[in-house]
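Written below as structure tokens is the structure these notes are about.
The values are calculated or read from the model by the stated rules, or taken from the named source; none is laboratory data. Everything numeric here is computed off the predicted structure, so don't read it as measured data. Here the Cβ is made from the backbone with ideal geometry for all residues, glycine too, and neighbour counts use every protein chain on show.
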Amino acid sequence: MAQAAWIWWLSGGALAAAGLALLWWSLFRDRARGRRRCPKCWYDMAGVPGLVCPECGRDAKRERRLGRTRRRWPVTIAACLITVAGVGTGAFPKASRDGWLSLIPTTALLVVAPPAGKGYISNTRGMRDLHPIVSELLRRGAQSTLTEWQWAWYIRNKGVVELPDRWPVDTPLQVRMCVPEWVRYGQIQLRTSPDERSECASVGATERESGFGLMSSNGNRRVPISLESPATVSFDVRVVTQGRGSGWVGPLERVLWNGMVSRDIRAVPSAQEMFDILEGPEWDARARDFISPSILITVRSVEQYSSVSGTLVMNRSIESGLKDAAVGFELQLLRAGEVRATATVGMSDCDWYDANAEHPTGLATFHPSSLAAEIAEDLSSWTLRVVGRPELAIEDFRQSQAWTGSFELPLDEIATIDRW
Ligand SMILES: [Zn+2]
């Protein structure tokens, strides 16, 4: 293919040139040049008095219209098609080597690229594939070639740094940071001021692995700023890379992009006021449909290896009305009405690639874990209570609603015992 590439370029170039020549011909060749012509049938009206064509009867109404350039639109369309075919032919070697997306400029790819953290799409086998645009950005090494303003646009528009609109007073602010999947190495840092010693939160591209060959990450980070009143918060954001192959040699940090990201954040008195609160018996019943809990009780002969853990599967695809509900729950294990062990589930307890999906799945570990044997002994006397807690939901600030209420389920319906 490489040797034959010039044939494609040459024939594509010739075709495109012919198309452009034809395009010019169809649009500009047949000017009036002082002739008086009917604008409909192009009959030469030299010597014809008035503006009505003796051939077709068209009334040109104004003298100026008799001097129009004749444009041959069908030929124009054909010329455009030939030009496109020529460009396509010339680009064929590159397209067949690197894919058709390789012909699109990087800026255009960035505009249509999925937001950071959403660079995978489910395929028909139930697995995750890289989004084709993300693959293309990786292929062309966008990480090291992006210009200043391309970075600025991407970081401000594609979910790399997300901040809440509202936040409870005196609570360290939480930001959601996500390294785009096409960034292979390095990290994104966020500082409260450009000063190197200022408070910093960061997330690295290698921090969590997707397990599908490409490193990617996202994460919720706390920045120790407590809001007192409505505030515009500005952060100094840096994209830093360590460069290929420098991993063990030392920090050869290079700043790929550095700029400010600002956001107006309204300080509210409590977590309750960050969300539209859903409460009452009806919402409790809906929450029960929305959240599917299961409990795993692991009983080992050595007690310290025993544990009780819970899994909550949130079903955002069913019409429970809790589609926009933030993840923030407390799980309680009760016996005879008494709470014996608790666990919490927030957004950061969800699997990273699932956290934004239809079915975020939260994992929780109960404390104390020493209850495992006791629970396993008489499952039917225990219940699980799921309690909606907005204060645990604040890190899921992209959601607009939070449920506050509770429902209970008997443990023998939802528990599995793993005994050794
Ligand atoms: Zn005419």
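Looking only at the range 77-96, filter to residues that are among the polar types (S, T, N, Q) and surrounded by 15 or more Cβ atoms within 10 Å (Cβ to Cβ); which one of those is modelled with the lowest pLDDT?
The selected residue is THR89.
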Can you tell me which condition ILE375 does not meet? The list is (1) in a helix (DSSP H, G or I); (2) out of contact with any strand residue (DSSP E or B) (no Cβ under 6 Å at 6 or more places or on another chain), and all the others hold. (2)
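Condition test on ARG340, is it more than 27 Å from the chain's Cα centre (by Cα), charged (D, E, K, R) and more than 15 Å from TRP403 (Cβ to Cβ)? Working first, answer last.
On the way: more than 27 Å from the chain's Cα centre (by Cα): yes; charged (D, E, K, R): yes; more than 15 Å from TRP403 (Cβ to Cβ): yes.
Considered against the rule, which asks whether it is more than 27 Å from the chain's Cα centre (by Cα), charged (D, E, K, R) and more than 15 Å from TRP403 (Cβ to Cβ), ARG340 comes out as yes.
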Would you check which residues across the range 17-32 are within 16 Å of the ligand (Cβ to nearest atom) and farther than 19 Å from ALA78 by Cβ and list them? ALA32
Identify the residue in the range 46-62 that is in contact with a Lys or Arg (Cβ under 8 Å, 6 or more places away or on another chain) and at pLDDT 90 or above and, among all such residues, is farthest from the ligand (Cβ to nearest atom). LEU51
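Among the candidates ARG35, ARG72, single out the residue that is of a type in the set (Lys, Arg), more than 16 Å from the ligand (Cβ to nearest atom) and at pLDDT 90 or above. Please lay out each step first, then the result.
Working: ARG35 fails: more than 16 Å from the ligand (Cβ to nearest atom).
The conditions single out ARG72.
From the set of residues in the range 381-420 that are among the β-branched types (Val, Ile, Thr) and under 13 Å from GLY328 (Cα atoms), which is surrounded by the most Cβ atoms within 10 Å (Cβ to Cβ)?
Restricting to residues being among the β-branched types (Val, Ile, Thr) and under 13 Å from GLY328 (Cα atoms), the top hit is ILE394.
Is one or more of the residues making up the range 300-315 β-branched (Val, Ile, Thr) and free of Cβ contacts under 8 Å to residues at least 12 places away in the same chain? Full working, then the answer.
First, the residues of the range 300-315 that are β-branched (Val, Ile, Thr): 302, 308, 311, 313.
Applying the additional criterion that residues be free of Cβ contacts under 8 Å to residues at least 12 places away in the same chain yields 302.
Checking the range 300-315: at least one residue is β-branched (Val, Ile, Thr) and free of Cβ contacts under 8 Å to residues at least 12 places away in the same chain.
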Scan of the range 8-20 for residues that are of a type in the set (A, V, I, L, M) and either surrounded by 14 or more Cβ atoms within 10 Å (Cβ to Cβ) or outside the structural domain of ALA78 (by TED's automatic domain parsing) (or both), ordered by number: LEU15, ALA16, ALA18, LEU20
Checklist (1) at pLDDT 90 or above; (2) within 16 Å of the ligand (Cβ to nearest atom); (3) not β-branched (Val, Ile, Thr) applied to ALA14, failing item: (2)
Condition first: over 29 Å from LEU22 (Cα atoms), surrounded by 15 or more Cβ atoms within 10 Å (Cβ to Cβ), of a type in the set (Lys, Arg) and not assigned by TED's automatic domain parsing to the domain that holds GLU162. Can you find one or more residues in the range 97-120 that meet it? yes
Long-range neighbours under 7 Å by Cβ, at least six apart or interchain, first residue in the same structural domain as ARG68 (by TED's automatic domain parsing) and in contact (Cβ under 8 Å) with a residue 12 or more places away in the chain within the range 43-57, second in a strand (DSSP E or B) and more than 8 Å from the ligand (Cβ to nearest atom): TYR43/ARG37; MET45/ARG37; LEU51/ASP59
Could you pull out the residue among MET347, MET260, MET314 that is assigned by TED's automatic domain parsing to the domain that holds PRO164 and either out of contact with any strand residue (DSSP E or B) (no Cβ under 6 Å at 6 or more places or on another chain) or under 26 Å from ASP165 (Cα atoms) (or both)? MET260
The lone condition TRP42 fails out of (1) on the phi > 0 side of the Ramachandran plot; (2) more than 13 Å from the ligand (Cβ to nearest atom); (3) touching a strand residue (DSSP E or B) at 6+ places or on another chain (Cβ under 7 Å) is (2)
When the range 110-127 is checked residue by residue, the ones that are more than 11 Å from the chain's Cα centre (by Cα) and part of a loop (DSSP other than H, G, I, E, B) are ASN123, THR124, ARG125, GLY126, MET127
